[in-house]
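One structure is given here, and the rest of the page talks about it.
Rule-based calculations on the coordinates, nothing more; no lab input. The shown structure was predicted, so the numbers you read here are calculated from the model rather than taken from an experiment. Every residue, glycine among them, receives a Cβ derived from its backbone with ideal geometry; neighbour counts consider all protein chains shown.
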Amino acid sequence: MAVRTMRRAFGSIQKQQTLQFAQKLVRILIHLLWIAVAFVLLPLDNAILLAVYVLGFLSQLLSGSCPSRHRKAALRNVHFYPKSVLVTGIDTPHGLAVARCWYYEGHRVVGTSFTNSLIRSGESMSRALAAFYNISQPQYVSRLLDIIHREKVDIWMPCSDKATLMDDAVAKEVIESRTNCKCIHLDTELTDRFSRPESFVQYLVEKDLPVLENHHVQSRSSIHRILHRSPTKVYQMRRASSIAGDSKAVVLPKRTLSQTYTELSEIQVSKDSPWVLQQQTRLGTYYAEMLVVRGFVEAIKIRPSDQELGWGRSRLDEALAIAIRKLMEKFAMKGGPRLTGLLCVKLLVDEVFDTNSVRHVIHIAGCTQGAAAVRHLLQDASCSIPSACLTVLDAQTNGMPTRSTEPTNAGILSRMWETCASRLASDTIARPHD
């Protein structure tokens with residue numbers, strides 16, 4: 001019996017080894033098959049790549065919009081003085097787009113990225129870069145200072161997604177206090193204030209900018225007073241202690257006054273059970289991606305939250321975009337000369353029905369900072385980022401024409417459209433209230 005048991009055990013082991021060997025052999029054959037297919041398709045892949053490159057080159061040549069030609073023309077201009085620009089985060093799509101934009105405008109670009117690898121990335125070998133450096137997190141500020149001194153950098157644009165907003169803010173203050181380099185970033189105080197929703201709302205209130213109403217109510221009478229004071233507004237009411245995602249919400253007012261009273265009579269509101277009454281908007285959410293320099297909106301891209309096609313083609317869309325632009329100019333102006341940076345402001349648009357018209361009212365609902373937040377703006381070829389950033393420099397020759405602080409509506413619309421849509425349900429529009 002013992003001999004038979006041993007034979008069975010050895011037999012099962014041999015079968016398992018044979019099965020494992022067969023599985024390994026199949027995996028090797030599959031890998032070899034993929035390699036063979038790749039070699040077979042390699043000529044076709046190269047032919048497609050070459051055709052795309054040739055077609056792109058010919059289209060630029062025929063249209064006369066070749067970026068290399070634009071750079072050569074700028075460098076031939078005797079009144080143009082190129083600047084040295086440092087772009088951190090060259091390994092990000094928006095960082096590389098910014099570097100190329102500066103390069104084709106005729107300037108000298110220095111790139112950096114966070115990496116410990118000895119092998120250089122493809123972005124670091126871009127022809128748009130005159131020099132490239134690897135930097136590490138522990139010596140971030142000191143390394144930036146060393147690069148700025150060595151390369152004689154005039155402007156620094158932080159685009160890295162590995163450095164925090166506060167890291168860049170601290171670096172900005174150190175760099176601008178020790179060098180002549182200017183940084184496209186908020187200072188530490190504004191960075192901290194804009195990063196926290198509560199402090200940002202407080203900032204808007206202090207600057208007399210429009211924000212959504214948010215009331216903590218402890219009685220039905222206070223709810224009725226709020227509704228009576230603003231009969232054209234829509235509110236959503238939730239328990240103050242409800243967790244995020246709680247579906248228990250009441251929309252007020254109802255269609256009729258009696259329905260509103262009936263709804264409120266069924267709700268228990270007291271000091272021990274408070275509710276939150278928050279204003280709602282009818283036309284949805286929009287985003288304004290901006291480059292703000294010393295309290296002026298130098299570049300802007302406005303887009304609705306839903307990424308659909310067709311927005312910006314109707315007169316109503318244009319009117320709303322102009323109203324948003326005016327509000328953003330007011331927002332930047334209220335910040336004063338210290339407000340310089342890349343901001344994405346969240347906007348909620350509501351309708352107010354007057355006797356013979358419908359007007360749009362725009363509320364500021366939030367703010368996100370940094371290059372990643374405005375990547376649509378930075379990657380838009382129609383937005384001239386270099387000329388906008390050059391206004392951060394003191395009065396000196398920079399090869400660019402003097403900007404106007406009063407942009408025209410045509411200039412506004414030519415810089416901010418993105419092909420995405422949101423249907424605006426109104427027939428007439430008056431000048432919005434900011």
* Can you pull the semi-axes for the stretch 214-280, root of five times each eigenvalue of the Cα gyration tensor, sorted largest first, whole Å? -> 18, 13, 12
* For the stretch 143-195: Kirkwood Rh in Å [reciprocal of mean 1/r, alpha carbons] -> 11.3
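Starting with the fewest neighbours, write out 289, 329 ranked by other beta-carbon atoms found within 10 Å of each beta-carbon. Spell out each step's value before the answer.
Details: 289 25, 329 21.
Fewest to most other Cβ atoms nearby, the residues stand as 329, 289.
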* Exposure proxy ranking, count of Cβ atoms within 10 Å, fewest first, for 34, 102 -> 34, 102
* Where the centre of each part is set by its Cα atoms, how far does the stretch 364-393 sit from the stretch 280-303, in angstrom? -> 10
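Applying a 10 Å radius around every beta-carbon, put 133-144, 367-378, 382-393 in order of their mean neighbour count, most first.
Details: 133-144: 15.8, 367-378: 21.8, 382-393: 19.6.
My ranking of the peptides, most packed first, is 367-378, 382-393, 133-144.
How high is the relative contact order of the stretch 148-291? Use alpha-carbon pairs under 8 Å, at least six apart in sequence, and give a whole percent. Spell out each step's value before the answer.
Details: 144 pairs, mean separation 31.8, N = 144.
In percent, rounded to a whole number, it is 22.
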* Asked: Sorted by mean Cβ packing within 10 Å, highest first, what order do the peptides 39-46, 193-200 take?
  -> 193-200, 39-46
